[in-house]
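Below: one structure, written as structure tokens.
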Amino acid sequence: MTRWKALIACAFFNMATSVQAETPSPDVSMAWQQWPEVGEATLTWGWWTIYQSSLRAPSGRYQAQSPHALVITYARDISDERLMKATNDQWAHLGFSAAQRERWQTELGDAWPDIIEGDRLAFVRQKDNGVFHYQQRERLAYHLGCRRS
């Protein structure tokens, strides 16, 4: 389970210095939704399920430098503040500096929404670019674009 938590935390900060919210455009590829699942994990706390995650790759095999998608489906409501704190805690656990974590939190803070049960967050990595897709249950979806520097 720790390996999955680390992978999830890594996906959140494996991005460039600029992240911005955008409305979805028709040319944004959603092919990742059809990719085979490579692995899955469920995060629980006590008897509560927090989220279910899956890792997907077009080839059906995970390769770090190849396209892949990390998809998280939330089983609980989570405020944006709690989500950012939990993400920051994982970054700290992985050894990232306070300055780096603060920079990432600043970049994500304004774009991070409150999570409602059933919402889905996916980070899709292709080459040196990555896109966060946030699919809200019963609400409009948007994505966050990012590029590795």
>> Once you place label points 7 Å from the Cα toward the Cβ at R76 and R103, how far apart are they in nm?
In response: 3.2
> Between segment 87-138 and segment 26-75, how many Å separate their Cα centres?
Replying inline: 14
> Rg to Rh for segment 73-142: what is it, with Cα atoms only and Rh by Kirkwood?
Replying inline: 0.99
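Every number in this text was worked out from the coordinates using simple rules, so none of it is lab data. Remember, predicted model here, so these are calculated numbers, not experimental data. All Cβ positions, glycine included, derive from the backbone under ideal geometry; neighbour counts span all protein chains shown.
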